[in-house]
Every structure is written in structure tokens, then in C-alpha cells.
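Below is one structure, written out as C-alpha cells; the observations come after it.
Rule-based calculations on the coordinates, nothing more; no lab input. Because the structure is a prediction, the values reported are computed rather than measured. Every residue, glycine among them, receives a Cβ derived from its backbone with ideal geometry; neighbour counts consider all protein chains shown.
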Amino acid sequence: MIRVGQWTIYPAVGTIAVDSSATIEVEFNGNGMKLYEEKLAIDVSGRDPEDQPRGIEYDMVGESCIPGINCDNFEAIFEE
């Protein structure tokens, strides 16, 4: 497990056999009302280092919100 910003990623390292796959779980834990962005990279051993030398990049974006009801505009609450 590794934590990066508001994300928890599991597993952080591992070995995958040839012609198989693995599932990577990413949990987002937002706080307040905010947009979060992080750049992550996966490095695969034995690959060509000239092709994406910093790893295979992934953009992680998550937005948290605070649920609520607008008590000042009752018509908007019961729209339709």
C-alpha cells in the first residue's frame, strides 16, 4: 500500500506473470469541497527505458463535495 495525496493505492509493488493481468485498487479520500490532481507513474522492469523514461504516467483526478440542500430557494429543491 502507498499513499499519494488523497489516494491510497494497493498493491504498491508486485510481479505479474507473462500473459496475465493484475488489479490495482485506488481509493480516493476527498476532504471538503475541492478538486485534487496528482500524476502517478508505473514502472515496468525490463521495458525500453527510452520509451517513457519516468514510467507510464497516469493522471489521477478526484473531486470531493459537501452534500447539502439550498434552503433559500425552495422551488429549486423540488424541481420537476
Expected 222 nm ellipticity per residue - DSSP helices of 4 or more, -39500 (n - 2.57), all of the chain, to 500: -500 deg cm²/dmol
Inverse of mean 1/r across different Cα pairs in the chain, Kirkwood, Å: 16.1
Residues in region 58-74 that a label on Phe28 would reach, taking backbone N under 16 Å of a point 7 Å out along Cα→Cβ: 58-67
